[in-house]
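Trainee: This is the structure I have questions about; it appears just below.
The values are calculated or read from the model by the stated rules, or taken from the named source; none is laboratory data. Because the structure is a prediction, the values reported are computed rather than measured. All Cβ positions, even for glycine, are placed from backbone atoms using ideal geometry, and neighbour counts span all protein chains on display.
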Amino acid sequence: MSKNLKIFLGISYLFVLFTFLYFIFVGIEINRLDDFSYYKILQSDLDTYISANIMVNLIYFFIFSIIWVSLLGFGSPILIISGILFGKWIGTLVSVISISIGTLILYSIGIFFFRDVVKEILEKKFKKYIKIFQKNEFFYFFIYRFIGGLGVPFGLQNLIPILFNMKKLNYFLASFFGLIPSIFIMNTIGAGLNIYIEEAETFSLIDLILTPQIYLPILLFVGLMIISFYIKKKFFEDAN
């Protein structure tokens, strides 16, 4: 990979990051961040704005999510925000599609530009899993997505299939279906935060945790982790 390409990708990533932060903080009064009533005002204004421009904002968010993920952006913040902005159902739908497309773009970029670099850095570490994926790349990558990528950071998860030259269609479909549970849970938490801010008069951490829209998805997340632990042991550890 050339130095100029590294500089271009780095600048592109920083541009997207700062654009994202700018639109979040441009209208925020920093000196009122410790005032819960201020969050209620922001929540009300945001709901009004999103509702009045729902399709346009969905398109903006969709495009931004694709770019964000394709430039190695973190997944969790996008999912929480999509739940806050669009609710758990619409947020999940737009997140699943945009993130799956973004990961496919990143994978394609990785194959074209970073194949040798990825193999040099990751091949030895994940060598024991390569043969497993090669047995049935769609099934095992779907399981890999479902269990959270074996604890690997999201950006690297998207590049690991380069090691076994996964077909792009299988990559997209396995990502799409495998990511649904975790994306739904994170969007539900985001939607729950939105509901809590709307309904609560004062902030209480205990009340927040005990809100059904918060503790139920957290319980789902814990359940998913338990299932993931079992699946990891069955399909990845026992297979070695």
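Trainee: Looking for something within 28 Å of P217 (Cα to Cα) and buried (at least 18 other Cβ atoms within 10 Å of the Cβ) - is there at least one such residue anywhere in segment 106-115?
Mentor: No, segment 106-115 has no match at all.
Trainee: Is it fair to say L224 is under 15 Å from the mean Cα position of the chain (by Cα), closer than 25 Å to K135 by Cβ, modelled with pLDDT under 90 and assigned to a helix (DSSP H, G or I)?
Mentor: The answer is no for L224.
Trainee: Let me ask something else about it. Name the residues in segment 131-147 that are assigned to a loop (DSSP other than H, G, I, E, B) and buried (at least 19 other Cβ atoms within 10 Å of the Cβ), would you?
Mentor: Scanning segment 131-147 gives a single hit, I147.
Trainee: List pairs: first in segment 159-172 and touching a residue at least 12 places away in the same chain (Cβ under 8 Å), second surrounded by fewer than 16 Cβ atoms within 10 Å (Cβ to Cβ) and assigned to a loop (DSSP other than H, G, I, E, B), Cβ under 7 Å, 6+ apart or cross-chain?
Mentor: L163/E123
Trainee: Every residue in segment 83-130 that is outside any loop (DSSP other than H, G, I, E, B) and among the aromatic types (F, W, Y), please.
Mentor: Answer for segment 83-130, where residues must be outside any loop (DSSP other than H, G, I, E, B) and among the aromatic types (F, W, Y): F86, W89, Y107, F112, F113, Y129.
Trainee: Inside segment 116-130, can you point out the residues that are crowded, with 18+ Cβ neighbours inside 10 Å and touching a residue at least 60 places away in the same chain (Cβ under 8 Å)?
Mentor: The answer is Y129, and nothing else.
Trainee: Of the residues that make up segment 182-194, is at least one free of Cβ contacts under 8 Å to residues at least 12 places away in the same chain and either part of a helix (DSSP H, G or I) or surrounded by 15 or more Cβ atoms within 10 Å (Cβ to Cβ) (or both)? Lay out the reasoning, then the answer.
Mentor: Going through segment 182-194, the residues free of Cβ contacts under 8 Å to residues at least 12 places away in the same chain turn out to be none.
No, every residue in segment 182-194 fails to be free of Cβ contacts under 8 Å to residues at least 12 places away in the same chain and either part of a helix (DSSP H, G or I) or surrounded by 15 or more Cβ atoms within 10 Å (Cβ to Cβ) (or both).
Trainee: While we're looking at this one, here's another question. Can you find a residue that is touching a Phe, Trp or Tyr at 6+ places or on another chain (Cβ under 6 Å), modelled with pLDDT of 75 or more and either more than 26 Å from S100 (Cβ to Cβ) or not in a helix (DSSP H, G or I) (or both) anywhere in segment 62-73?
Mentor: Checked against the condition, which is being touching a Phe, Trp or Tyr at 6+ places or on another chain (Cβ under 6 Å), modelled with pLDDT of 75 or more and either more than 26 Å from S100 (Cβ to Cβ) or not in a helix (DSSP H, G or I) (or both), segment 62-73 yields at least one hit.
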